[in-house]
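Presented below is the structure to which this report refers.
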Amino acid sequence: MRWIAALLTTPIVAGLVVAIRFTGALQLLEWAIYDQYFQLRATESIDQRIVLVTIGESDISALGQWPLSDATLAQLMRNLNQHQPAVIGLDLYRDLPVEPGSQDWLEVMASTPNLIGVEKAIGRTVAPPAELERQGQVALTDLLVDADGKFRRGLLSHPNGDDQLRLGLGAELAVRYLEKKEVPQEVVDAEQKIYRLGQAILQPLRGNDGGYIRTNAGGYQILINFRGHAHHFPRVSVTDVLNNDLEPALIRDRIVIVGGMATSLNDLFYTPYSSRLINTPEATAGMVIHANLASTLVSAALDGRAVLRVWPEPIEVGWIMLWSGLGALGYWWLLEAKRHSKDRFNHVVVGIVSVVLASGFLMVSSYLAFLGGWWIPVVPPFLALIGSASVITGYEIIKLQQYRAELAQQNLKLEKDKIRAEAASQAKSQFLAKMSHEFRTPLNAILGFTQLMNQDPSLTAQQQKSLDIINLSGEHLLNLINDILEISKIEANRVVLHKTNVDLYSLLDMLKAMLESKALAKGLQLQFERSPNVPQFVTADEGKLRQVLINLLDNAIKFTQVGSVILRLSETVKERSKIMLHFKIEDTGSGIAEDDVSKLFEIFTQGKVGQTFFDGVGLGLPISQQLVKLMGGEITVKTVVNQGTTFQFDIPASLEPSPQTNLPPIKRVKSLAADQEDFRILIADDEPISRKLLNKLLTSLGFQTREATNGQEAVELWESWHPHFIWMDVQMPIMNGWEATRQIRQKSLETNKSSPTIVAITANAFAEDRELSLGAGCDDFVSKPFRRDELLDKLSKYLGVRYQ
């Protein structure tokens, strides 16, 4: 009966969501998500083809008149035209003369064929300059505002009061500019009003497209692919133009838009880039919106930059139906797979986690589609997913109640399960908000206690090896988390190298230990071959090198069914203290089709072989390529279909160790050396497991320790116990670690007491946290999960501790 309920739930929930959507209730939320996509994507480059001539408060004061006189405008146009712009858009109403200089202005308009004036045709109308209208040099300055007061759409054309079809100002300027560039324009589908403009295909926005419901779709509208605010275009003030204080190259062959940006002109509006979660929204001038529309058309026609498109309504309804089906059928499948299990509560937990993951996938896929030029609805399919899963959950609750009636002895257990399920549902949003922090906290315990267990002398060799693999895998998971958080930094060129002393021999041994079991499970031979002249120790970025090798080796194992995978390491060039390391990964897999080779390093792209495995989203190789380039090399590929593939790259390394303090080997430190002071260590952390781990590590070596669960307790214990060293967690209740550090430093100065060494410790491993910690007065900074040898090194560095 469950599958029948799932099949019935899918269209019912989808229909309800579609009905809710067509009421407009979801419109504002959909717009908000759409705006955030603009905020999240990488910063757009400045469009050098469009120049803004701005009129600010200082210009109005300098000229002493508003509106600007006809004489001023005439001089402005002469000064601009002498530098040969492609087209000039005057985003100022000039339906009436403004003395002095009316005759001069008329002559300039009559003699300037590339000057476009404006009129307002929607709502309160404003006529265009008569001379420009006579010459057919008029465009519309009307802007399309949404219900939340923001401007997301651009008007390509609309009839004016005389029923003459006019282009919007941004569209008119773009079309004239492209005509000068001889860009082809053609009709693709006259009935559907689909046109081709160079590389761009333009389709009109309908009333119910994207996140809009019953929106006024008069005229020909498109979604503007905003670049940003005014600073995304070259700018020059009107005063500078009048004084001829500008570079001619700034104007030559460009689109020039003249308009006001002064606050007093009341010509400021809100766009998707105005959205701010914390700060006051930033308004932008109307001329900037016209510039963004012109940039959308020009960059799409010439550069192939995306024109934002939407799905037709039937496809959007099908999209909602799909997610409703995923919620209902997917949840039913999970329950059906465990129908013989007595742990009924586990069904609900698995379902909730699955819904959370599916929701995350929906958000990510929608954002990726946006980057590719598509606005795909998020809120309706999300509601359909949650709604259908909730209906099936309700059905399951009914079945649980029937099961409880049949098995009366399980009444109490079923009631507790229901309460726990509700608690889990309430906690899912907190799980998403603190995902990164919560990953690091258990990793801290796993890696920390693994290191402590490694000190047990009674361990067998096999146990020791198992612990090493656990520790290594935990380290790899930590590196993966860090890499995922920094993908955007790679695209923004903000990732830097962290060079350390690297033991190449140990690195290869660890990689083989990690991946050998996976290869053996497929019946493959995993071979590592190292040239004898390769040095053991070099200076390089071990984390990035390890990530690249793991990705390439893992791909080779995944796509090889029979034979072997071989990693070869050799030295190609050696000059003084420099060396070039050559890595080659060979497999006997199915090879890569010639058409797919050129796409291997494109983000979110998989070849035909990769798609058949349904594994990954195409990020591994592009990220690896960027990391190798950052290290000074480049990955190349050679492949023969049905014979195998070889990936190889060279990276430079140094034979001289970079300046750093070598950490004492973990296994050699057993206790504090004799004849030393009794060191007092305070552990301030609100996490009991973290405190227990640190306490056990330090007391086992002979340190005196005390614990504080918040910053206030840490300050009080410092005043009464006077520790030499404080491990200070920065995120604690009542008083955080930064404030506690500041108070300890301040009270040390006031009382002339010796100030302790304070090292910040946190699960948030971002540069901002390091800067805040050092700014608060901490001496150093350690990220969770920490390593035993790293902690001991800090104590030795700041206290002069000696170990044995």
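The values are calculated or read from the model by the stated rules, or taken from the named source; none is laboratory data. Note that the coordinates shown come from a computational prediction; the quantities given were computed from them, not determined experimentally. Don't worry about glycine lacking a Cβ; one is built from the backbone with ideal geometry, like all the others, and counts go over all protein chains shown.
Could you list all residues from segment 480-496 that are in contact with a Gly (Cβ under 9 Å, 6 or more places away or on another chain) and either part of a loop (DSSP other than H, G, I, E, B) or at pLDDT below 60 (or both)?
Within segment 480-496, Asp483 is the sole residue that qualifies.
Taking segment 224-241 only, how many residues are in contact with a strand residue (DSSP E or B) (Cβ under 8 Å, 6 or more places away or on another chain) and crowded, with 22+ Cβ neighbours inside 10 Å? Step through it out loud before you land on a result.
Keep residues of segment 224-241 that are in contact with a strand residue (DSSP E or B) (Cβ under 8 Å, 6 or more places away or on another chain), which gives 224, 229-230, 233-238, 241.
With crowded, with 22+ Cβ neighbours inside 10 Å added as a condition, the list becomes 224, 233, 238, 241.
So the count comes out to 4.
Here is a list: Leu28, Leu16, Leu8. Which entry is in contact with an Asp or Glu (Cβ under 7 Å, 6 or more places away or on another chain) and over 30 Å from Ser111 (Cβ atoms)?
Leu28
Results for (1) modelled with pLDDT of 95 or more; (2) aliphatic (A, V, I, L, M); (3) more than 47 Å from the chain's Cα centre (by Cα), shown as yes or no for each residue.
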{"position": "Leu96", "(1), (2), (3)": "no, yes, yes"}
{"position": "Val118", "(1), (2), (3)": "yes, yes, no"}
{"position": "Gly123", "(1), (2), (3)": "no, no, no"}
{"position": "Ala130", "(1), (2), (3)": "no, yes, yes"}
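Return yes or no: is Thr10 touching a helix residue (DSSP H, G or I) at 6+ places or on another chain (Cβ under 9 Å), exposed (fewer than 14 other Cβ atoms within 10 Å of the Cβ), at negative phi and at pLDDT below 90?
no
Going through Ile761, Ile744 one at a time, which residue ends up being within 19 Å of Lys692 (Cβ to Cβ) and among the aliphatic types (A, V, I, L, M)?
Step by step, each of Ile761, Ile744 is checked, and only Ile761 is within 19 Å of Lys692 (Cβ to Cβ) and among the aliphatic types (A, V, I, L, M).
Here is a check on your reading of the model: is Met735 assigned to a loop (DSSP other than H, G, I, E, B), at negative phi, modelled with pLDDT of 90 or more and crowded, with 16+ Cβ neighbours inside 10 Å? Lay out the reasoning, then the answer.
Values: assigned to a loop (DSSP other than H, G, I, E, B): yes; at negative phi: yes; modelled with pLDDT of 90 or more: yes; crowded, with 16+ Cβ neighbours inside 10 Å: yes.
Considered against the rule, which asks whether it is assigned to a loop (DSSP other than H, G, I, E, B), at negative phi, modelled with pLDDT of 90 or more and crowded, with 16+ Cβ neighbours inside 10 Å, Met735 comes out as yes.
Working only within segment 102-124, note down all residues that are in a loop (DSSP other than H, G, I, E, B), touching a residue at least 12 places away in the same chain (Cβ under 8 Å) and farther than 24 Å from Leu143 by Cβ.
Hits for segment 102-124 are Thr112, Pro113.
Given the conditions (1) free of Cβ contacts under 8 Å to residues at least 40 places away in the same chain; (2) under 17 Å from Ser366 (Cβ atoms), report the number of the one that Gly15 does not fulfil.
Failed condition: (2).
Scan (1) closer than 15 Å to Gln648 by Cα; (2) at pLDDT 90 or above; (3) buried (at least 18 other Cβ atoms within 10 Å of the Cβ) for the single condition Leu511 breaks and write down its number.
Answer for Leu511: the failing condition is (1).
Condition first: closer than 25 Å to Arg305 by Cβ and either of a type outside the set (Asp, Glu) or part of a helix (DSSP H, G or I) (or both). Can you find one or more residues in segment 238-247 that meet it?
Checked segment 238-247: no residue is closer than 25 Å to Arg305 by Cβ and either of a type outside the set (Asp, Glu) or part of a helix (DSSP H, G or I) (or both).
Identify all residues within segment 165-214 that are of a type in the set (Asp, Glu), closer than 22 Å to Ala300 by Cα and out of contact with any Phe, Trp or Tyr (no Cβ under 9 Å at 6 or more places or on another chain); write none if there are none.
In the first step, residues of segment 165-214 are kept if they are of a type in the set (Asp, Glu); the result is 172, 179, 182, 186, 189, 191, 209.
Okay, now just the ones that are also closer than 22 Å to Ala300 by Cα, so 172, 179, 182, 186, 189, 209.
Hits for segment 165-214 are Glu172, Glu179, Glu182.
All but one of (1) closer than 25 Å to Thr296 by Cβ; (2) of a type outside the set (S, T, N, Q); (3) free of Cβ contacts under 8 Å to residues at least 40 places away in the same chain hold for Asp162; state the number of the condition that does not hold.
Of the numbered conditions (1) closer than 25 Å to Thr296 by Cβ; (2) of a type outside the set (S, T, N, Q); (3) free of Cβ contacts under 8 Å to residues at least 40 places away in the same chain, the odd one out for Asp162 is (1).
Taking Gln103, is it within 27 Å of Ala249 (Cα to Cα) and in the same structural domain as Val138 (by TED's automatic domain parsing)?
The answer is no for Gln103.
Of the residues Lys753, Lys797, Lys784, Lys747, only one is crowded, with 19+ Cβ neighbours inside 10 Å, at negative phi and at pLDDT below 95; which?
After ruling out the rest, the residue left standing is Lys784.
Check Leu329, Leu302 and return the single one that is in the same structural domain as Asp267 (by TED's automatic domain parsing) and surrounded by fewer than 24 Cβ atoms within 10 Å (Cβ to Cβ).
Testing whether each residue is in the same structural domain as Asp267 (by TED's automatic domain parsing) and surrounded by fewer than 24 Cβ atoms within 10 Å (Cβ to Cβ) leaves just Leu302.
Can you list residue pairs whose Cβ atoms sit under 6 Å apart, with the first residue in segment 87-101 being free of Cβ contacts under 8 Å to residues at least 60 places away in the same chain and the second being of a type in the set (S, T, N, Q)? Count only pairs 6 or more apart in sequence or on different chains.
Partner pairs satisfying both residue conditions: Val98/Ser69; Pro100/Ser69; Gly101/Ser69.
For the structure I just gave you, tell me whether Ser324 is at pLDDT 80 or above, surrounded by 19 or more Cβ atoms within 10 Å (Cβ to Cβ) and over 30 Å from Leu155 (Cβ atoms). Spell out how you get there, then give the answer.
Details: at pLDDT 80 or above: yes; surrounded by 19 or more Cβ atoms within 10 Å (Cβ to Cβ): yes; over 30 Å from Leu155 (Cβ atoms): yes.
In short, yes.
Which one is surrounded by the most Cβ atoms within 10 Å (Cβ to Cβ), of the residues in segment 685-700 that are outside any helix (DSSP H, G or I) and under 33 Å from the mean Cα position of the chain (by Cα)?
In this case the residue turns out to be Asp685.
Take Ala147 and decide whether it is at pLDDT below 95, more than 12 Å from Glu119 (Cα to Cα) and of a type outside the set (Lys, Arg).
Yes; evaluated as a whole, the condition is true for this residue.
Counting only residues that are of a type outside the set (Lys, Arg), over 19 Å from Leu507 (Cα atoms) and without any contact (Cβ under 8 Å) to a residue 60 or more places away in the chain, give me the strands (runs of 3 or more DSSP E) lying completely in segment 529-588 with at least 2 of them.
Once the strands (runs of 3 or more DSSP E) in segment 529-588 are filtered for at least 2 residues that are of a type outside the set (Lys, Arg), over 19 Å from Leu507 (Cα atoms) and without any contact (Cβ under 8 Å) to a residue 60 or more places away in the chain, what remains is 564-575.
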